[in-house]
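Visitor: Mind looking over this structure? Questions follow.
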Amino acid sequence: LFAEPTVRERIAAAQGDGKAARHLADFAITSYIDNAIRDLTEAIANAELQATVQWDDKTIPYQNVRAVLVRETDSVRRHDLQARQLAVMAKENPHRLERLESQHDLAKRLGFKNYRAMVEQLRTWDLPILLKALKPLLEATDDLYETKLDQFLAEARTPRRQASTADVAFVLRAPQFD
């Protein structure tokens, strides 16, 4: 089912056979691409499993850093830990880029413009239409979001202009309910 000739048959069948054929084609193509990039995916996962971050005279497994980060009450220390986390993450970014480019290349080889176009076609998603549909919601809630974010950052003693994604993660964890 996941060999290229079979995947091409599923793509052809999906052109006029309706929703079930599209779902089967999506499953076959996604599995085909996942199998083709398995070595890269596993290399990234293994590197993350082996990676550690040094902090406070401790060695923290990379996979556990976020749990420590969202519980750190001091924003300066959160930023320091996040910088260490990002430095470790950056080491695997060349593999992540290669993986992403491979996904697009494989989608093109199967006849799609790119990976996004493949997903939109097989799942009948139209991202520009979705964006247009969600824009009023974003506009209606933007002021509320900004106000609440400022409020929660102030409660966390973090000036907005100095806030990072680590601070947002801390705030979203809702430490006031501990």
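Visitor: Which angle from 0 to 90°, rounded to the nearest 10, does the C-alpha axis of helix 93-109 make with the longest principal axis of the chain?
Guide: Approximately 20 degrees, to the nearest ten.
Visitor: Measure nothing fancy, just the Cα-based angle from helix 75-91's long axis to the longest principal axis of the chain, in degrees from 0 to 90, nearest 10.
Guide: Approximately 30 degrees, to the nearest 10.
Visitor: If you don't mind, another one. Between LYS113 and VAL76, what is 0.36 nm times their sequence separation minus the Cα-Cα distance? Round to one decimal in nm. Walk me through the numbers before you get to the answer.
Guide: Details: separation 37, 0.36 × 37 = 13.32 nm, distance 4.46 nm.
Extra length from LYS113 to VAL76 when fully extended: 8.9 nm.
Visitor: Which lysines have a Cα less than 24 Å from the Cα of LYS91, not counting those fewer than 8 places away in the same chain?
Guide: Hits, sequence-local ones excluded: LYS58.
Visitor: How many percent of the alpha carbon pairs in region 94-178 exceed a separation of 16 Å?
Guide: Details: 2493 of 3570 pairs.
In whole percent, the long-distance tail amounts to 70.
Visitor: Right, here's the next one. Once both axes come from the Cα atoms, what is the angle between helix 127-155 and the longest principal axis of the chain, in degrees from 0 to 90, rounded to 10?
Guide: On a 0 to 90 degree scale, this one is about 10.
Visitor: Cα extents of the chain along the three principal axes, largest first, in whole Å?
Guide: 58, 44, 26
Visitor: Continuing with the same structure: Average the reciprocal distances over every distinct pair of alpha-carbons in region 117-162, invert the result, and give the Kirkwood radius in Å. If you can, show how the numbers build up before the last one.
Guide: Numbers: mean 1/r = 0.0762 Å⁻¹.
13.1 Å is the Kirkwood radius here.
Visitor: How large are Rg and Dmax for region 4-74 when only the alpha carbon atoms are used, in Å?
Guide: When restricted to the Cα atoms of region 4-74, Rg and Dmax are 20.8, 61 Å.
Visitor: Residues with beta-carbon under 14 Å from that of THR73, excluding THR73: net charge, scoring Lys, Arg +1 and Asp, Glu -1?
Guide: On the way: positive: ARG71, ARG77, ARG78, ARG157, ARG173; negative: ASP56, GLU72, ASP74, ASP80, GLU155, ASP167, ASP178.
Value of the local net charge: -2.
Visitor: Largest first and in whole Å, give the semi-axes of region 77-144's equivalent ellipsoid, each being the square root of 5 times a Cα gyration tensor eigenvalue.
Guide: With the √(5λ) rule applied to region 77-144, the semi-axes are 30, 27, 6 Å.
Visitor: Moving on to the next point. At 1.4 Å probe size, with the rest of the protein present, what percent of the exposed accessible area of region 74-178 is carbon and sulfur atoms? Let's see the in-between values first.
Guide: Details: 4300 of 7240 Å².
C and S fraction of accessible area: 59 percent.
Visitor: Tell me the relative contact order for region 74-178 as a rounded percent, counting alpha carbon contacts under 8 Å between residues six or more apart. Walk me through the numbers on the way to the answer.
Guide: On the way: 37 pairs, mean separation 30.2, N = 105.
Computed over region 74-178, the figure is 29 percent.
Visitor: Here's another thing I want to ask about it. Taking the alpha-carbon distance from LYS19 and a cut-off under 27 Å, which lysines remain once sequence neighbours fewer than 8 residues away in the same chain are dropped?
Guide: Those lysines meeting the cut-off are LYS108, LYS113, LYS132.
The values are calculated or read from the model by the stated rules, or taken from the named source; none is laboratory data. The model shown is predicted, which means the values in this text are computed figures rather than measured ones. Backbone-built Cβ (ideal geometry, glycine too); neighbour counts: all protein chains shown. Quick note on the areas: whole protein, heavy atoms, side chains included, nothing else; ligands and nucleic acids left out. Shrake-Rupley method; radii C 1.70, N 1.55, O 1.52, S 1.80 Å.
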